[in-house]
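**Q** Structure below; questions to follow.
The values are calculated or read from the model by the stated rules, or taken from the named source; none is laboratory data. Just so you know, these numbers come straight off a predicted model, no measurement behind them. No Cβ is skipped: glycine too gets one built from the backbone with ideal geometry, and neighbour counts run over all protein chains shown.
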Ligand SMILES: [Mg+2]
Ligand SMILES: [Zn+2]
């Protein structure tokens with residue numbers, strides 16, 4: 001049955017793992033935020049998969065290519081491996097309904113706030129979404145997690161404004177993944193949800 005399913009820590013990328021820079025696509029602009037590896041390690045040791053789900057409409061807009069994205073992603077995965085917390089998977093959606101690049105012009109079920117990436121990854125890796133966590137810096141991340149049935153929704157601050165309404169849609173609000181280390185301790189040591 002579902003007993004072998006494990007929970008996942010789903011992470012948005014920009015504004016959660018790295019400093020938010022619009023349409024980031026170069027390694028030299030990728031700045032890890034504090035606490036990322038520590039938080040991932042805590043959850044990984046507790047049996048969580050760590051899965052990145054990221055909208056990359058910069059590809060649809062023609063600002064960078066799939067190849068650029070792939071190079072950056074491979075580099076990012078290496079950094080996680082060097083830190084001793086290899087990522088289980090990294091999923092991205094390059095689509096946008098109003099894309100400049102026709103190949104990517106579509107309303108994609110994967111583009112957050114839609115839950116497609118979370119659902120795909122959950123099926124692929126045997127994830128129990130109800131025991132999983134979604135961490136994002138935008139309401140669309142929280143909405144995607146909610147639609148996918150993710151049990152725990154965490155909103156972190158980046159350069160985006162968080163309204164009271166946004167905050168109320170999340171279960172936990174933190175300054176960033178650094179503070180989420182405190183969340184991790186609280187979450188993992190508290191009673192089972
Ligand atoms: Mg983000
Ligand atoms: Zn897509």
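**Q** Hey, among 186, 75, which residue is free of Cβ contacts under 8 Å to residues at least 60 places away in the same chain and over 22 Å from residue 31 (Cα atoms)? Outline the logic, then answer.
**A** Values: 75 fails: over 22 Å from residue 31 (Cα atoms).
Within the list 186, 75, the selection yields 186.
**Q** Still on this structure, I have one more. Go through 56, 79 for me and flag whichever is touching a helix residue (DSSP H, G or I) at 6+ places or on another chain (Cβ under 9 Å), surrounded by fewer than 20 Cβ atoms within 10 Å (Cβ to Cβ) and at pLDDT 95 or above.
**A** Values: 56 fails: surrounded by fewer than 20 Cβ atoms within 10 Å (Cβ to Cβ).
Exactly one of 56, 79 is touching a helix residue (DSSP H, G or I) at 6+ places or on another chain (Cβ under 9 Å), surrounded by fewer than 20 Cβ atoms within 10 Å (Cβ to Cβ) and at pLDDT 95 or above, namely 79.
**Q** Inside the range 152-183, can you point out the residues that are in contact (Cβ under 8 Å) with a residue 60 or more places away in the chain and either in contact with a helix residue (DSSP H, G or I) (Cβ under 7 Å, 6 or more places away or on another chain) or more than 23 Å from residue 32 (Cβ to Cβ) (or both)?
**A** Scanning the range 152-183 gives 156, 177, 180, 181.
Each row is one residue, and each column tells you yes or no for (1) surrounded by fewer than 23 Cβ atoms within 10 Å (Cβ to Cβ); (2) within 16 Å of ligand 2 (Cβ to nearest atom); (3) modelled with pLDDT of 95 or more; (4) under 24 Å from residue 91 (Cα atoms).
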| residue | (1), (2), (3), (4) |
| --- | --- |
| 115 | yes, yes, yes, yes |
| 127 | no, no, yes, yes |
| 133 | no, no, yes, yes |
| 169 | yes, no, no, yes |
| 179 | yes, no, no, no |
| 188 | yes, no, no, no |
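**Q** All but one of (1) under 22 Å from residue 145 (Cβ atoms); (2) at pLDDT 95 or above; (3) buried (at least 17 other Cβ atoms within 10 Å of the Cβ) hold for residue 30; state the number of the condition that does not hold.
**A** The one condition residue 30 does not meet is (1).
**Q** Another question about this same structure. Residue 149: surrounded by fewer than 17 Cβ atoms within 10 Å (Cβ to Cβ), more than 15 Å from ligand 1 (Cβ to nearest atom) and under 21 Å from residue 39 (Cβ atoms), yes or no? Steps first, please.
**A** Details: surrounded by fewer than 17 Cβ atoms within 10 Å (Cβ to Cβ): yes; more than 15 Å from ligand 1 (Cβ to nearest atom): yes; under 21 Å from residue 39 (Cβ atoms): no.
So residue 149 fails the test.
**Q** Quick one: which of 103, 119 is surrounded by 18 or more Cβ atoms within 10 Å (Cβ to Cβ) and either more than 9 Å from ligand 2 (Cβ to nearest atom) or on the phi > 0 side of the Ramachandran plot (or both)?
**A** Working: 103 fails: surrounded by 18 or more Cβ atoms within 10 Å (Cβ to Cβ).
Within the list 103, 119, the selection yields 119.
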